[in-house]
Amino acid sequence: MQPMATAPGAYPIPQPGMPQPGMPQLGIPQPGMPQPGMPQPGMLQPGIPMAPQGGWLPPNTSCPPGLEYLIALDHLFVRQKVELLEAFTGWETKNKYLVMNIRGETVFYVAEQSGICARFCMGQHRSCEFFVMDSNRREVLRMVRPCRCDSCCCPCCLQELEVYSGDTLLGSVSQNWSLWRPSFSIRDASGETVLIIKGPWLRFCIEVKFKVKSADGVHRVGEIKKEWSGMAREYFTESDNFGISFPLDLDVKIKSVLLGACLLIDYMYFEEK
């Protein structure tokens, strides 16, 4: 082996084909260095999905038209408008709602569409549709609720509601059979359960809370709360106020389904005479 040449007062001059101090050799594994074909720290192996953080799915980049405003919201407030004809006569009328943000600004308008025979004969169990419109009165959501009986003694014919953007299904709310405690499943467009809702054992308190949890029931990610509307509104009308909270990074489509769940809960438990 030839001695390494050096320049006066300088470091050794590298020679071709000779190992250099402090430099890794190609083709020779070095301690502490990542090797090809080996899983690296902080990286997922192919075929293994990332676990959701906090119990809900990561947000979807696609947003249906008209729902862009929901991306930056983690609270919604739903206020049912008082119908004077219903308050004085007791005749069931079409419900209307205002959906507001935390500053009290109106985000959406919700109007029920149903037949007069369904309202008089079926009452709170009637089939109906809800049209959700933005401030320019453009339809952004359509919610369909079929006629169901809601019997705690029979697990068939339970309540459900589907949420559409145009003709595209965004998700649905399905009632789970339970003898005592209200329970619902929030499903995406493919029918997969992404969240569940657990109601209280008693619904006669001033504020009634329905807990929104992850699909496995471990993480609590929000709630739907029925708020006290005042003595006169509570006892002489069916006008109710609700608050909805959810994760900020929740998929916009699932936020829309939670709004539908709030309306379904109002009809099922707070529309009784």
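The values are calculated or read from the model by the stated rules, or taken from the named source; none is laboratory data. Everything numeric here is computed off the predicted structure, so don't read it as measured data. Every residue, glycine as well, gets a Cβ built from its backbone with ideal geometry; the counts of neighbours run over all protein chains shown. Just so you know, the surface numbers come from the protein's heavy atoms only, side chains and all, with ligands and any DNA or RNA stripped out. Shrake-Rupley method; radii C 1.70, N 1.55, O 1.52, S 1.80 Å.
Kindly indicate whether any position in the range 171-192 is modelled with pLDDT under 90, more than 11 Å from the chain's Cα centre (by Cα) and small (G, A, S).
Among the residues of the range 171-192, at least one is modelled with pLDDT under 90, more than 11 Å from the chain's Cα centre (by Cα) and small (G, A, S), which makes the answer yes.
Take the residues in the range 111-130 that are among the hydrophobic types (A, V, I, L, M, F, W, C) and modelled with pLDDT of 85 or more, then tell me which one is surrounded by the fewest Cβ atoms within 10 Å (Cβ to Cβ).
The residue in question is A111.
Mind listing just one residue for me: the one in the range 83-110 that is open to solvent by less than 60 Å² (accessible area, probe 1.4 Å) and in a loop (DSSP other than H, G, I, E, B) and, of those, modelled with the lowest pLDDT?
G90
Can S245 be described as modelled with pLDDT of 95 or more, more than 10 Å from the chain's Cα centre (by Cα) and surrounded by fewer than 22 Cβ atoms within 10 Å (Cβ to Cβ)? Walk me through it before giving the result.
Working: modelled with pLDDT of 95 or more: yes; more than 10 Å from the chain's Cα centre (by Cα): no; surrounded by fewer than 22 Cβ atoms within 10 Å (Cβ to Cβ): yes.
Judged against the criteria, S245 is not a match.
Which residue, of I224, I206, is of a type outside the set (S, T, N, Q) and either over 22 Å from K81 (Cα atoms) or at pLDDT 75 or above (or both)? Steps first, please.
On the way: I206 fails: either over 22 Å from K81 (Cα atoms) or at pLDDT 75 or above (or both).
After ruling out the rest, the residue left standing is I224.
Just need a number here: residues in the range 151-165 that are within 19 Å of S114 (Cα to Cα), modelled with pLDDT under 95 and open to solvent by 20 Å² or more (accessible area, probe 1.4 Å).
Looking only at that region, the number is 1.
Taking the range 193-203 on its own, how many of its residues are in a loop (DSSP other than H, G, I, E, B) and modelled with pLDDT of 90 or more?
First pass over the range 193-203, keeping only residues in a loop (DSSP other than H, G, I, E, B): 199-203.
With the extra rule that they be modelled with pLDDT of 90 or more, the set shrinks to 199.
Qualifying residue count for the region: 1.
Mind checking which residues of the range 193-213 are touching a helix residue (DSSP H, G or I) at 6+ places or on another chain (Cβ under 8 Å) and open to solvent by 60 Å² or more (accessible area, probe 1.4 Å)?
Passing the criteria: only R203.
Could we say that V78 is within 16 Å of N241 (Cβ to Cβ) and either at pLDDT 85 or above or exposed (fewer than 14 other Cβ atoms within 10 Å of the Cβ) (or both) here? Write out each step before concluding.
On the way: within 16 Å of N241 (Cβ to Cβ): yes; either at pLDDT 85 or above or exposed (fewer than 14 other Cβ atoms within 10 Å of the Cβ) (or both): yes.
Taking the combined requirement at face value, the residue satisfies it.
Would you confirm whether any residue within the range 176-192 is of a type in the set (D, E, K, R), free of Cβ contacts under 8 Å to residues at least 12 places away in the same chain, open to solvent by 30 Å² or more (accessible area, probe 1.4 Å) and part of a loop (DSSP other than H, G, I, E, B)? Please lay out each step first, then the result.
Here is the first cut: in the range 176-192, the residues of a type in the set (D, E, K, R) are 181, 187-188, 192.
Those left that are additionally free of Cβ contacts under 8 Å to residues at least 12 places away in the same chain: 192.
Of the ones still in play, those that are also open to solvent by 30 Å² or more (accessible area, probe 1.4 Å) are 192.
Then drop every residue that is not part of a loop (DSSP other than H, G, I, E, B), which leaves 192.
Taking every residue of the range 176-192 in turn, at least one turns out to be of a type in the set (D, E, K, R), free of Cβ contacts under 8 Å to residues at least 12 places away in the same chain, open to solvent by 30 Å² or more (accessible area, probe 1.4 Å) and part of a loop (DSSP other than H, G, I, E, B).
Which one of the conditions (1) of a type outside the set (K, R); (2) open to solvent by 40 Å² or more (accessible area, probe 1.4 Å); (3) modelled with pLDDT under 85 does M133 fail to meet, given that it meets all the rest?
(3)
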